[in-house]
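The next block holds one structure in the form of structure tokens; read it before the comments.
The values are calculated or read from the model by the stated rules, or taken from the named source; none is laboratory data. Small disclaimer: the values here were computed from a predicted structure and weren't measured. So basically every Cβ, Gly included, is an ideal-geometry build from the backbone, and we count neighbours across all protein chains shown. The area values use the complete protein model at the heavy-atom level, side chains included, leaving out ligands, DNA and RNA. Shrake-Rupley method; radii C 1.70, N 1.55, O 1.52, S 1.80 Å.
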Amino acid sequence: MPDVYLLGSACTPFGRLPHKTYKDLTRDIVVDVLADARLDDGGPIGSAWFGNCGMGAFEQRNIRGQVCFTPLVRDGRFPERVPIVNVEGGCATASLAFYGAVKDVASGETDVALAVGVEKTFFEDRARTQEIFDGAIDRFDPHEWEAYYTAIGERAGKPFTPKAGGATVFMSTYAMQAAYHMKRFGTTQRQIAAGAAKNHHMGSLNPGAQYRFEMSIDEVLNDREVSWPLTRAMCAPIGDGAAGAVLCSEAFLASRPPEVRERAVRVLTVQMSGGKYRDPDEPGLSRVAARKAYDRTGLTPADVDIAEVHDATAFCELYQCEMLGFCPDGEGGAYVESGATSLGGERPVNLSGGLVSKGHPIGATGLSMIHELVVQLRGEAGPRQAERARIALAENGGGVIGFDEAICAVTLLAAPRR
């Protein structure tokens, strides 16, 4: 495809922010991402993609982005008459917004496009939080996934007991996947904990992370059990935040000052795949998206220097290392435990702290992953900077269909040309 560049990238700090409204977070991220793109205002932007999952719980559906951008337009911070497209895809929502903005630029529809993801999942009224997450699974025919999980639970040696011990259906299904992997390949709970401990260390180095404290492997293992083999320290927290990106064409980039051009990260590709009720021995949908991304760019897993993967639980990191081709199937636990995904390792993964430490405001998560990779590729990550960062990969899944997500995005980025 024609070259598309990330001109600007930004992410708010993640956390429990009851004092921040959806409109506040939208303003914060638009101001920040325009500043990073070195744009005085949003005048050059020809289209915008707005990602959010939770506003429907407050009866704000249909025109979420338009409502949140109205104060910015009124104040002259964002241009009038720009079309805003609303997208929603569970935890992959922000990646869908990014995908839309990339396609607008690649197609020649506009020279500059904006993608933002804005989310709140922490409320004193926990029923609202539950309503947001409940929409990520089939509500019309729940008997289908109940039967699927019951059957798989028998094979995994872990009965399907949704919400037992306070866990959500989603944490219970992640726990079942981990248990099945442990039974089939010999993966250990300690290997999962090693990934969580690594990411808590990285979160302690990230000023925007929701959790900024370290945890040892033993501390992770001894934390409160959510759903065996997962403890609380292995699971992403709920929280609030926003992330965004400004995409531009090569022609527009050429018109910018040298100091802007030399920070622009190239988008190599964004590839998608859809979920299904798969057999647990069948590879997941992220492998399909990754292979499409590698085929489109001519790259291989060996070319990827750093990655951000969707670790809603710490098990996901070791599993995605397998699906993305970083290690053979069944060896993700040993791969993570070896330090290969640590800072200074063979291929650092989740240097942001991952979702388990950085946080997981679902409608903003995908763009927060992109932001971390942009910072790394620019060499601006400070104490968590990878030694070699030329090619980066982001994997982001959303929604649930069996043991798959409903949709997955794999993005490949290249460092600025200098």
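Details
- Radius of gyration and maximum dimension Dmax of region 241-315, Cα, Å: 16.9, 53
- Its Cα centre serving as origin, region 1-87 has a Cβ charge dipole (Lys and Arg +1, Asp and Glu -1) of approximately 320 debye.
- With only Cα atoms counted, region 178-260 has Rg and Dmax values of 19.5, 57 Å.
- Intensity falloff of region 279-366 expressed as log10 I(q)/I(0), Debye formula with alpha-carbon point scatterers, at q = 0.12, 0.16, 0.19, 0.21 Å⁻¹: -0.35, -0.64, -0.91, -1.09
- Cβ-Cβ FRET estimate between Ala340 and Glu259, R0 fixed at 30 Å, reported to 0.05: 0.25
- Whole-percent carbon and sulfur share, accessible surface of the chain, 1.4 Å: 50
- Rounded to the nearest 10 Å², the accessible area of Phe50 at probe 1.4 Å: 0
- Cα gyration tensor shape for region 266-418, rounded if a/c is under 1.5, else prolate or oblate: rounded
- Modelled label positions at Thr161 and Arg190, each set 7 Å beyond Cα in the direction of Cβ, lie 2.6 nm from each other.
- When the chain is treated as a Gaussian network with alpha carbon springs shorter than 10 Å, the biggest mean-square fluctuation among Val270, Val67, Val400 belongs to Val67.
- Label of the coordinate-derived value, Cα extents along the principal axes in Å, listed as [x] 95, 52, 48; [y] 112, 64, 39; [z] 59, 46, 37: [z]
- The residues of the chain have, on average, 38 Å² of accessible surface per residue, using a 1.4 Å probe with all protein chains present.
- Sorting the segments 408-417, 370-379, 238-247, 123-132 by their mean number of nearby beta carbons within 10 angstrom, highest to lowest, gives 238-247, 370-379, 408-417, 123-132.
- Spin-label zone in region 197-223 - amide nitrogen under 20 Å from a point set 7 Å from the Cα of Asp75 along the C-beta vector: none
- Nearest 10 degrees, 0 to 90: helix 93-106 Cα axis against the chain principal axis: 40
- Helix 64-74 and the longest principal axis of the C-alpha atoms of the chain enclose an angle of approximately 30°.
- Degrees, to the nearest 10: 365-378 long Cα axis against longest axis of the chain: 70
- Extended-chain gain in nm, criterion 0.36 nm per residue less alpha-carbon gap, Asp41 and Glu250: 73.3 nm
- The chain - share of DSSP beta bridges that are antiparallel (%, nearest 5): 75
- Using only side-chain charges placed at the Cβ, +1 for Lys and Arg and -1 for Asp and Glu, the dipole size of the chain relative to its Cα centre rounds to 420 debye.
- For the chain, the number of Lys pairs with C-alpha atoms closer than 29 Å, counting only pairs eight or more positions apart or on separate chains, is 26.
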